[in-house]
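Report on the structure given below.
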Amino acid sequence: MIEIDALDRQAHLLIVDDDERIRSLLQKFLASRGAHCTVAENAAAARNLLDSMQFDLVLLDVTMPGEDGFSLLRNIRSHASIPIILLTARGVAQDRIQGLALGADDYVPKPFEPDELLLRINAVLRRSGKAAQPEEPARFGPFVFDPGSESLTRHGAPLHLTPAETALLRALLRTPGEIAPREELARRMNSGAPRSVDVLVTRLRRKLEAIAEDGCHLQTVRGKGYRLRIG
């Protein structure tokens, strides 16, 4: 029996599909294999995300209301070389040929086996040279965050974070020292509620600043967002 490799934890995938059930199932499955997933329900939402975030690969449904996947693929290819795998219920060979001709890296007809999709994603990432390398630990003040184990230490002592707090810290560390609007942080965390970011920031700040001499590492920039101070 062939053992299916997990995706590298660093791989950030954009899932574009108008079917909420498919989006949810793909997100849960791929997240369980180590991917970071962001979802979009249509081409317009995908465009906004592609303009504001960086992705390693796009899983793109062809048949969507309004602008379809072929149109979005054509637009992306006009200015970006990000790997794209088309997902569609269509079984017509001409559709597959059209997708590849427009610049898709692979084409997977629905229904598909999740493990097969996983193998295809890994293959496309390897071919594109975008298979992510393991992250180095991030250091700020007396803290060290290990992305591989998702563990945080202060002066070498473990500091417990909830999954949501860990996701927030990861989101902040994508742009260390820079201001991140809460809407952007919500997108990075796959959270649909920017207001929830405020609550998580408060919780995380309390843990980071429990010892006064550590200083203020998680800063609020009024009217703009939040910044994780690295120096």
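Worth a mention:
- Any hit, the range 216-223, residues being of a type outside the set (Asp, Glu), at pLDDT below 85 and in contact with a Phe, Trp or Tyr (Cβ under 8 Å, 6 or more places away or on another chain): yes
- Tally, over the range 32-60, of residues that are closer than 21 Å to Arg74 by Cβ and either in contact with a strand residue (DSSP E or B) (Cβ under 6 Å, 6 or more places away or on another chain) or assigned by TED's automatic domain parsing to the domain that holds Pro181 (or both): 9
Residues are listed down the side, and each one gets a yes or a no for (1) of a type in the set (Ser, Thr, Tyr); (2) at pLDDT 90 or above; (3) not in a loop (DSSP other than H, G, I, E, B):
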site: Phe145; (1), (2), (3): no, yes, yes
site: Ser149; (1), (2), (3): yes, no, no
site: Leu168; (1), (2), (3): no, no, yes
site: Thr175; (1), (2), (3): yes, no, no
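- Within the range 46-60, being loosely packed, with under 15 Cβ neighbours inside 10 Å and over 13 Å from the mean Cα position of the chain (by Cα) holds for Asn48, Asp51.
- Subset of the range 39-71 [in a strand (DSSP E or B) and acidic (Asp, Glu)]: Asp61
- The range 77-118: number of residues that are within 22 Å of the chain's Cα centre (by Cα), assigned to a helix (DSSP H, G or I) and more than 25 Å from Lys28 (Cβ to Cβ): 1
The values are calculated or read from the model by the stated rules, or taken from the named source; none is laboratory data. Remember, it's a predicted structure, so these values are computed and weren't measured experimentally. FYI the Cβ positions are ideal-geometry reconstructions off the backbone, even for glycines, and counts take in every protein chain you see.
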